[in-house]
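Every number in this text was worked out from the coordinates using simple rules, so none of it is lab data. Quick caveat, the model's predicted, so the values are computed rather than measured. Every residue, glycine as well, gets a Cβ built from its backbone with ideal geometry; the counts of neighbours run over all protein chains shown.
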Amino acid sequence: MPKSTDFYINGQWVAPSQPNDFDVINPSTEEVCATISLGGQADVDAAVAAARTAFESYAYTSKQDRLDLIRKVLEVYKARGEDMAQAISTEMGAPIDMARSSQVGAGTWHISNFIKALEDFEFERPLGDHAPNDRIIYEGVGVVGMITPWNWPMNQVTLKVIPALATGCTMILKPSEIAPLSSLVWAEILDEAGVPAGVFNMINGDGAGVGSMMTAHPGIDAISFTGSTRAGIAISKNAADTLKPLHLELGGKGANIIFADADEKALKRGAIHCFNNSGQSCNAPTRMLVQRDIYDQAVEIAAATAEATTVGLASESGRHIGPVVSQMQFDKIQGLIAKGIEEGARLVAGGLGRPEGFNKGYFVRPTVFADVNNDMTIAREEIFGPVLSIIPFEDEAEALAIANDTEYGLTNYVQTQDGAKRNRLARRLRSGMVEMNGQGRGAGSPFGGMKKSGNGREGGVFGLEDFCEVKAVSGWSTDDA
């Protein structure tokens, strides 16, 4: 096991160029659970140099070699599943059963789906019958800087690292400094799987430090970032001078449109989905838009669901939700709950303060507001906590107008038995994803948003393409060996 303060650069665990200790806090206990070091410019430069050198050979490895490598990564990842679950649960507060199933499982899902996508991916393709000597070549974009968040660590790490490995890219990963322990395990997994030296590098650091150094670095060819819209804007400005492509998966304020003819489980399902992962998901359906005919019923069911949602320590087994990740996040959520009360929303469940029985830990009461209008702060801002806002609507046109009246455009949800209505809304909702009647998106479906929810798509073939440059070639010889 490496020291938690070390970085993984050029296939080796190395000490930081200058010690800069940073305590990792267990959000269930508010106690220090590990200490990492925040990197500096010399560390970033070393990682970039290693990645640039490795790219000259790794970029030209065969698809079969890369497939074999990723299959080995999956094998080792599964073997280290319990270590990964414990790390995630400790660092960001996911209850251990959820960490094992959903958090670690998200990584397994994405790695497996990328293997399937890569098997059928053609890196050299004919342009068409009209141009028999033209070829389109997909080649790795180069050295990729990856900045990942704390809320779904392996979901986001695998969505970036695996397609980079698949397309012949090399990379530098900066995980969230709040939840870095899972990425230390991840680096061990890649090392054990035999990823060549310099192909994968990992440096801990904060956004203002290592994050800014990476986005502005002339030796990094592209950036893949998941995090807040505010940070995405800052990254875009910082990277502008180098003109590197940016793939940004940012915030969301998803609308869950529930019509009067929705299935009987839709209301409860929507509330549970909002509270999942303690509300810390960018695609959470935090605005529940309910047709007026069933509005009172919806408020009652959502409030009852919140009251039945138990809160507990991340280390304990069970179906409860854990704490939010940090003091900063706790304070932000409390401030927005207070703002909802101040602006006149009707509090029907939860509210300010910790749940009963907790005097420490960043635990938030599952909270439901009724009689919300779309101009209120709680309907406009991403809360990133277990807080649901219920908004009434009269008809399809009003529901669509409310849902689209947001600067975000990540995921929207539709609940109705009217198939034609579902399809109309799916076409007109301004979001990168629309999920209907509780049916999740299939393997290889692209994840990403519109407007201030970002750009680019992660997952499946779309995720592979995002890590490629497209090269057009004429005069292609059929004698190519």
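Of the residues Val195, Ile257, Pro132, the one whose Cα sits farthest towards the positive end of the charge dipole of the chain is Ile257 (charges of +1 on Lys and Arg Cβ, -1 on Asp and Glu Cβ, taken about the Cα centre). Sequence-distant contacts, meaning Cα pairs under 8 Å at least 6 residues apart, place the relative contact order of the chain at 19 percent. Please report the relative contact order for the stretch 21-167, taking Cα pairs under 8 Å with a sequence separation of at least 6, and give it as a percent rounded to a whole number. Computed over the stretch 21-167, the figure is 25 percent. Each peptide in 18-24, 86-92 receives the mean, over its residues, of other Cβ atoms within 10 Å, and ordering these scores from highest gives 86-92, 18-24. The length gained on full extension between Glu398 and Trp109, counted as 0.36 nm times the residue separation minus their Cα-Cα distance, comes to 100.3 nm. Label separation (Asp261 vs Thr310): 4.0 nm, computed from points 7 Å beyond Cα along the C-beta direction.
Just report the Cα centroid separation between the stretch 303-360 and the stretch 70-103, whole Å. Each part reduced to its Cα centre gives a spacing of 25 Å.
DSSP finds beta bridges in the stretch 255-442, and of those with both partners inside it, around 15 percent are antiparallel.
Compute the Cα gyration tensor for the chain, then decide on rounded, prolate or oblate, letting a ≥ b ≥ c be the square roots of its eigenvalues: rounded whenever a/c is under 1.5, prolate when a/b is larger than b/c in the other cases, and oblate in all that remain. Note, shape of the chain comes out oblate.
Here the contact order of the stretch 255-442, divided by its residue count and restricted to Cα pairs under 8 Å and six or more residues apart, works out to 28 percent. Antiparallel DSSP bridges in the chain: what percent, to the nearest 5? So the antiparallel bridges amount to about 45 percent of the total.
Taking the Cα centre of the chain as reference, the dipole from Cβ charges on Lys and Arg (+1) and Asp and Glu (-1) amounts to some 440 debye. Can you tell me the FRET efficiency between Asp21 and Trp476 if r is taken as the Cβ-Cβ distance and R0 is 56 Å, rounded to the nearest 0.05? For Asp21 and Trp476, the calculated efficiency is 0.50. Assuming a ≥ b ≥ c are the square roots of the Cα gyration tensor eigenvalues, decide whether the stretch 156-254 counts as rounded (a/c under 1.5), prolate (otherwise, with a/b larger than b/c) or oblate. Verdict is prolate for the stretch 156-254.
The chymotrypsin sites (Phe, Trp or Tyr not before Pro) of the stretch 265-362 include none that DSSP puts in a loop with a beta carbon having at most 10 other beta carbons within 10 Å. Within the stretch 177-210, what residues put their amide N at less than 19 Å from the label point 7 Å along the Cα-to-Cβ vector of Arg230? Flagged as within label range: 177-179, 206-210. Measuring r between the beta carbons of Glu407 and Lys78 and using R0 = 41 Å, the FRET efficiency lands at 0.55.
Gain on full extension, evaluated as 0.36 nm per residue between Ser445 and Glu343 minus their Cα-Cα distance, stands at 32.9 nm.
Taking the inverse of the mean 1/r over every pair of distinct Cα atoms in the stretch 255-442 gives a Kirkwood hydrodynamic radius of 16.5 Å.
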